[in-house]
């Protein structure tokens, strides 16, 4: 144990986004009470954070964007704090010993807005009528104080109050609803370890509709005007769920919710147990069904299995992209080999996807070359060992954090040839595609 308390770092060890995340503790549980007014986009919040010190702490920090902090308590006692540059720096009255649990209570309010970054504006966004949260990778501090690093996974309880006419969807299991006058309070619980960027709130004039499926509860919240198109476009959602469970093992959460906003979105968004699409992704022709598969596959790869830091993003996007190709193959479309060949001919082959760099985290090569790598591995191992590897990967690390070395070590147990991952992941030049 440390002989004297020291400050917790207000930076993380993440090589790409060290300004997000903090050192000196790990969070076990977030308890959020939120009151939201849609018209003025006004949020009043109280966050109670239960954490454990990983070193003796004289002070520590949380990530929080441009919202006004009204009061901070640590273990029930007022604590000094400063708030600037997206960091809430807290000095408790008494130092916290290494290994000790502690509780932070923060009252805050303001007008939430997205956080500007190299990928545009990310986080809390106003819609024409309502709001959404799309937080990957840095948007969570736009609406609650947190330790914003993917590896610091915690459980959540979120109480969200809004005007009664609005549908409220929060990533979690709905445990209660109570109407008081013109507002309704919705309480959600997310017991599985969850990264901050995978927590989401969706508020809008939505209609709840069921999705036909098997044992996994599946439903949707959509604009009523899109009901007919949605019924066709998502008519195979239950079949997709069954297919992915066959390929990857049991769905890792208690249910799945699809949200379609009444506004257009540039890209769909995955959250824990939830997929979010724009109205432009619903055209009544299943044009975007591959995106439905992609976002659902993230429940295994990205959400249940969460990367240890942002270098390993191909483990999210390459796997979800390959799931698209597998569904295409299973549902009578082009085979995975055809998809792999098409994209192998298109991508530049100038990126080592095991460490793409922060500016190219979301480069198409991370997605497509990641998927091609998995297809090449399938060719090397054969179907039976390859799919056994994927199921083992998803099962062994369920609700945990993972890295590229974790995957390559497991793949070696299935007979991966020497040098395979060096060529496909660590070198920029694109290897030939196996035929």
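Since every read-out is calculated from the coordinates, none of them should be taken as a lab result. Please read these numbers as outputs of a predicted model, since none were measured by experiment. Using ideal geometry, Cβ is built from the backbone for each residue, glycine included, and neighbour counts are taken over all protein chains shown.
Hydrodynamic estimate: the Kirkwood radius of the range 207-297 over Cα pairs, inserted into Stokes-Einstein at 10 °C and 1.306 mPa s, corresponds to D of 122 µm²/s.
Where is the GNM fluctuation largest for the chain (alpha-carbon springs, 10 angstrom cutoff): 81, 256, 20? Largest GNM mean-square fluctuation: 81. Approximating the spin labels as points 7 Å out from Cα along Cα→Cβ, the residue 414-to-residue 435 distance works out to 2.5 nm. Exposure proxy shown here: for 418, 342, the number of other Cβ atoms within 10 Å sets the order, fewest to most, as 418, 342.
The ranking of 16, 251 from fewest to most other beta carbons within 10 Å of each one's beta carbon is 16, 251.
Put a dot 7 Å past the Cα of residue 105, heading toward its Cβ, do the same for residue 392, and the two dots end up 5.0 nm apart. Here the extension length gained between residue 78 and residue 176 equals 32.1 nm, from 0.36 nm per residue of separation less the Cα-Cα distance. With R₀ fixed at 22 Å, the C-beta to C-beta distance from residue 121 to residue 291 puts the FRET efficiency at about 0.55.
The calculated Kirkwood hydrodynamic radius for the range 113-238 is 16.0 Å, given to one decimal from all distinct C-alpha pairs. Computed over the Cα atoms of the range 307-426, the ratio of the radius of gyration to the Kirkwood radius (Rg/Rh) comes to 0.94.
The calculated FRET efficiency for residue 384 paired with residue 28, based on their beta-carbon distance and R0 = 45 Å, is about 0.65. Here r is the Cβ-Cβ distance between residue 246 and residue 347 and R0 is 30 Å; the resulting FRET efficiency, rounded to 0.05, is 0.55.
Against the chain, whose longest principal axis comes from its Cα atoms, helix 383-396 is set at around 10 degrees.
Between the alpha-carbon centres of the range 371-435 and the range 17-75 there is a gap of 38 Å. Modelled spin-label separation between residue 95 and residue 239, with each label point placed 7 Å from Cα along the Cα-to-Cβ direction: 6.4 nm.
Quick one: go through the range 114-138 and flag any residue whose amide nitrogen is under 13 Å from the point 7 Å out along the Cα-to-Cβ line of residue 358. 117-119, 137-138, by backbone N distance to the label point.
Please compute the Kirkwood hydrodynamic radius of the range 6-200 from all pairs of different C-alpha atoms, in Å with one decimal. All intermediate terms of the calculation are to be shown ahead of the outcome.
Details: mean 1/r = 0.0592 Å⁻¹.
Computed over Cα pairs of the range 6-200, the Kirkwood hydrodynamic radius comes out at 16.9 Å.
What shape does the range 11-126 have by the C-alpha gyration tensor, where a ≥ b ≥ c are the square roots of the eigenvalues, rounded means a/c under 1.5, and otherwise prolate means a/b greater than b/c and oblate the rest? Each step should come with its number before you reach the end.
Values: a/c = 2.19, a/b = 1.35, b/c = 1.62.
Oblate.
Between the Cα long axis of helix 237-248 and the first principal axis of the chain there is an angle of about 80°, rounded to the nearest 10. Projecting the alpha carbon convex hull of the chain along each direction and taking the average yields 21.1 nm². May I ask for the angle, rounded to the nearest 10°, between helix 364-381 and the longest principal axis of the chain, with both axes built from Cα atoms and the value confined to 0 to 90°? Tilt of helix 364-381: around 50 degrees.
Among the DSSP beta bridges whose two residues both lie in the chain, what percent are antiparallel, rounded to the nearest 5? Can you show the working numbers first?
Working: 78 of 98 bridges.
That works out to approximately 80 percent antiparallel.
Using the average count of surrounding beta-carbon atoms within 10 Å as a protection proxy, the listed peptides 321-334, 368-381 rank, highest first, as 368-381, 321-334. Estimated purely from DSSP H runs of n ≥ 4, each contributing -39500 (n - 2.57), the mean residue ellipticity at 222 nm for the chain is -7000 deg cm²/dmol once divided by its residues.
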